[in-house]
Amino acid sequence: MTNAIILENEPAAMEGLAIMLSHYCPTVKLVGKAFTNAEAKHLIDRHSPSLVFMDVELDTENSLDLLNEYYAPQFDIIFTTAHEEYAIKAIKAACLDYLIKPVDYRELQHAVAKHEQRQSLNASKERLQSLMQNIVNQQVTKLAIPTLHGFEFLDTGNIIMCQADGGYTHIYTTDQGKHLTSKPLGELETLLSATSFF
């Protein structure tokens, strides 16, 4: 599932995009809507979406200013605007895609698919890096756990406790996190036994 937010100053355009996403992009979960950069920043910091649909020209501000708040954004950007003159700025801002209003649902689906493909490649790259790090260290230092939203990567040193729940396991970490995985407790016990974990 892809968590996303919409930054848009026109209520009708915002609702139209939300409806298109629910009908044509079932893998996208809309976790928030914002009319201003400040609202969008609050939603991004709170929900950590992997995708942001962003209108360029808001009522009294430009959404490109929001990008100045993030040194290395951990989300992809799909610009949605009626103004083609922003295309060059969008490209320079390294956005994932650029959709001209009125948004065509096929172009929207293509943009979302591009994001999900990139996310899958990033997850594969991170799993490979974890594997190489574990091999070099001769022990498991990073654990890739499958969850409902893809893979999460946990430092084994941050794991406090693992609790069985049927065929699933709850993993508790030092940052007060709780992660549910389909890895059974026995498999985790085998993986973690070499890290002084008991």
Multiplying the sequence separation of M161 and K178 by 0.36 nm and subtracting their Cα-Cα distance, what value in nm do you get? 5.2 nm
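Which value, in debye to the nearest 20, gives the size of the charge dipole of region 2-71 about its Cα centre, when Lys and Arg are +1 and Asp and Glu are -1 at the Cβ?
440 debye
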If you count, for each residue, the other Cβ atoms within 10 Å and average over each peptide, how do 178-187, 65-74, 50-59, 3-12 line up from highest to lowest? 50-59, 3-12, 178-187, 65-74
Any aspartates and glutamates with Cα under 15 Å of the K33 Cα? List them, leaving off those in the same chain fewer than 8 positions away. E8, E10, E15, D45, D55
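Readers should treat all values here as calculations from the given coordinates under stated rules, not as data from a laboratory. Given the structure is predicted, the values throughout are model-derived calculations rather than measurements. We place every Cβ from the backbone using ideal geometry, glycine too, and count neighbours over all the protein chains shown.
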